[in-house]
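Here the structure comes first, spelled out in structure tokens, and everything after it is commentary.
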Amino acid sequence: MLLLKRKPDTMIHTLVFCGAVLLCAWALTWTYGRRARALLAGLPGYTQLPIIGNLHKVVGDNEFVSDPEDVKAVNNAFIEKPFYYSFGRIWLGNGLVTAPGSIWKRNIKKLAGTFTGSIVDGYQEIFNTQALKLVNNLKEEVENAPFNIMHKYLAYTTLETICQTALGVARISESMVTKEYYEAFTRTLELLIRRGLNILMHPDRVYRLMPAYKELVKCVGVLHNVSNTVISNRRKEFTHRKQNGTYEHKDHENAKTKFRSFLDILLELSEADPSMTEEQIRAEVDTIIVGGQETVATTLLFTILMIGSKPDVQEKLHTEIKSIFGDSKRSVLKEDLVRMTYCEALIYETLRLYPPVPMVMRDADHDLKLQSCTVPKGTACAVNALGAGLSRRLWGPDAHEFRPERWLRGGPPHPAAFLAFSYGKRACIGKRYAMALLKTILVYCVRELEFISEADKLRLKVDIALKPEHANATRRLPQHAHTQERSRAPEKKGYEIARNMSS
Ligand code: HEM
């Protein structure tokens, strides 16, 4: 007799096995997460969905991480960051952004004063030179087909500016921000983001076996090589000038106001403080370059998109600039920056709706009582700048509208309602720098160019910063529109910033 038996279906076995593993994992998580769930039970908006938890609450009116009193408590209580930040250490070492809490605590005391008023004022000459160069380059594109405004123009300008001010090397654009450096810089950011977004790449042991890791090491090698060379040359020059007493004198020659690069400040600090090693100096310098480049370029892009889509806003900005500079194309002075109140309101309003860093993370190293619940030790807290900026409860029923005027009535409704630069401990130390550079560039752009864009077609994506998906193409105005603009403002050239290439 022949007995026929069905062959076991390996596919079904695999599925059953995976199901069992997932079930066990879920049961373990459920058991160990019981305390956390009990403590967080009162949290407004803490509705958990399977698999994604409360990730869906990140965008929108999220009460949990964006309520100002809770933000204040979380940001002042916790200085540790979750392990994702450690991915950046291959490049940024223990610089301010990626340093563990204990190292950050030691270094922030020394570095908090590095971008104060007088230091940033000393950079104004560089800001002017870079803004002029940018606007001259943009003018050359006016008769051309659509072109990418972000990479070739805004990102490059901010990278050159931050490198010049952070490292203090004259004519650095030729010697440092080469094509190789720029490509290694942007690729390193891309690779780090890719790792952050792909959970399979998170474990170090797995990641080190991947081709992406090899590429990352190569790119970081290029970046470190440049920083090391500049730092070591500057150190030699610094020591030499200190010895023969010409240090102060030579720096005065670099700019009308006293110019002190970030690197010089670090070199000075290192003389008195042995913990400021060569490696730590490089980490801090690289961190400043990263912290100041992408954020400022993205803010500039969003601001240009906003003014381009709102002629009345652009007109008001133009009027303010004209009231300060008249028809002159002179440099922007620090005194001018204080008078640019509408421009400031415009930048803040852009940052409120489009914060380049939409969310920051903190690790709870102890339990913390919030208004309606307790954050248990071990929780990764996401502080939601985008949610806070869009909250109708905080900003009123017109919270989703772009209205720079709201800033002219005073500051934000609560000190922790505007989170673009974060709040409390580990907040941005480059705010003053960013505002001065942004205002200077806008003056140069708006007094020579007219921007037109389509705000309703704006779609957002998140990579290292929050960005418009297709926002970086600029094209010449159609002839009739161009003529109309010329008749209204004869000294201007017309641009259309197309937000969406597919449109
Ligand atoms: C519009 C431009 C900028 C925005 C929106 C911005 C935003 C932020 C945010 C949200 C943080 C907190 C990050 C976190 O907690 O993970 C931060 C930190 C930081 N930013 Fe900025 N930033 C800008 C410009 C700059 C500039 C120009 C510099 C340097 C010149 C800079 C240097 C830093 C540094 C060093 C930190 C770390 C501070 C610390 O941990 O103590 N930023 N920034």
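The values are calculated or read from the model by the stated rules, or taken from the named source; none is laboratory data. A quick note: this is a predicted structure, and the numbers were derived from the prediction, not measured. FYI the Cβ positions are ideal-geometry reconstructions off the backbone, even for glycines, and counts take in every protein chain you see.
Any chance segment 55-62 includes a residue that's at negative phi, modelled with pLDDT of 55 or more and in contact with a Leu (Cβ under 9 Å, 6 or more places away or on another chain)? Don't jump to the end; show me each part of the working.
So the first thing to find is which residues in segment 55-62 are at negative phi, and the list is 55-59, 61-62.
Keeping just the survivors that are modelled with pLDDT of 55 or more gives none.
No, because not a single residue in segment 55-62 is at negative phi, modelled with pLDDT of 55 or more and in contact with a Leu (Cβ under 9 Å, 6 or more places away or on another chain).
This table checks each residue for (1) in a helix (DSSP H, G or I); (2) within 22 Å of Asp365 (Cα to Cα).
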residue	(1), (2)
Gly95	no, yes
Ile108	yes, yes
Gly113	yes, no
Asn128	yes, no
Lys133	yes, no
Top-ranked residue in segment 274-310 [being free of Cβ contacts under 8 Å to residues at least 60 places away in the same chain and assigned to a helix (DSSP H, G or I); ranked as farthest from Tyr182 (Cα to Cα)]: Glu278
List pairs: first in segment 348-374 and over 21 Å from Ile307 (Cα atoms) and of a type in the set (Ser, Thr, Tyr), second away from the ligand (no atom under 15 Å from the Cβ) and assigned to a strand (DSSP E or B), Cβ under 8 Å, 6+ apart or cross-chain? Thr374/Leu368
Residue check: is Asn500 out of contact with any Cys (no Cβ under 9 Å at 6 or more places or on another chain), at pLDDT below 60 and surrounded by 19 or more Cβ atoms within 10 Å (Cβ to Cβ)? no
Please go through segment 317-347 and pick out each residue that is farther than 17 Å from Tyr444 by Cβ and in contact (Cβ under 8 Å) with a residue 40 or more places away in the chain. Thr341, Ala345
Tally the residues that are within 12 Å of the ligand (Cβ to nearest atom) and not in a loop (DSSP other than H, G, I, E, B), restricting the search to segment 115-125. 3
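Please work out which residue is surrounded by the fewest Cβ atoms within 10 Å (Cβ to Cβ), limiting yourself to segment 62-87 and to residues that are in a helix (DSSP H, G or I) and touching a helix residue (DSSP H, G or I) at 6+ places or on another chain (Cβ under 6 Å). Break it down into steps so the answer makes sense when it comes.
Kept after step one, since they are in a helix (DSSP H, G or I), are these residues of segment 62-87: 63-66, 68-77, 83-87.
Now drop any that are not touching a helix residue (DSSP H, G or I) at 6+ places or on another chain (Cβ under 6 Å), which leaves 66, 84, 87.
Details: Ser66: 29, Tyr84: 15, Phe87: 20.
Looking at the filtered set, the residue picked out is Tyr84.
So that you can scan it fast, the table gives a plain yes or no per residue for (1) under 22 Å from the mean Cα position of the chain (by Cα); (2) farther than 28 Å from Glu315 by Cβ:
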{"residue": "Asp367", "(1), (2)": "no, yes"}
{"residue": "Gly378", "(1), (2)": "no, yes"}
{"residue": "Ser391", "(1), (2)": "yes, yes"}
{"residue": "Pro397", "(1), (2)": "no, no"}
{"residue": "Phe402", "(1), (2)": "yes, no"}
{"residue": "Gly411", "(1), (2)": "yes, no"}
{"residue": "Leu438", "(1), (2)": "yes, no"}
For segment 373-389, how many residues are outside any strand (DSSP E or B) and either touching a Phe, Trp or Tyr at 6+ places or on another chain (Cβ under 9 Å) or within 11 Å of the ligand (Cβ to nearest atom) (or both)? 6
If the Cβ limit is 8 Å and pairs must be 6+ apart or interchain, which residue in segment 425-443 that is aromatic (Phe, Trp, Tyr) pairs with which residue that is outside any loop (DSSP other than H, G, I, E, B)? Tyr433/Phe115; Tyr433/Val120; Tyr433/Thr165; Tyr433/Gly292
Out of the residues in segment 395-411 meeting the condition of being touching a residue at least 60 places away in the same chain (Cβ under 8 Å) and in a loop (DSSP other than H, G, I, E, B), tell me which one is nearest to the ligand (Cβ to nearest atom). Phe402
Residue match in segment 97-113 (condition: farther than 28 Å from Asn75 by Cβ, at pLDDT 90 or above and aliphatic (A, V, I, L, M)): no
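Inside segment 135-162, can you point out the residues that are of a type in the set (A, V, I, L, M, F, W, C), over 19 Å from the mean Cα position of the chain (by Cα) and assigned to a loop (DSSP other than H, G, I, E, B)? Even if it seems obvious, please write down each step before you answer.
If we filter segment 135-162 for residues that are of a type in the set (A, V, I, L, M, F, W, C), which is where we start, we get 135, 138, 142, 145, 147, 149-150, 154-155, 159, 162.
Those still in the list that are over 19 Å from the mean Cα position of the chain (by Cα) too: 135, 138, 142, 145, 147.
Listed by number, the residues that qualify are Val142, Ala145.
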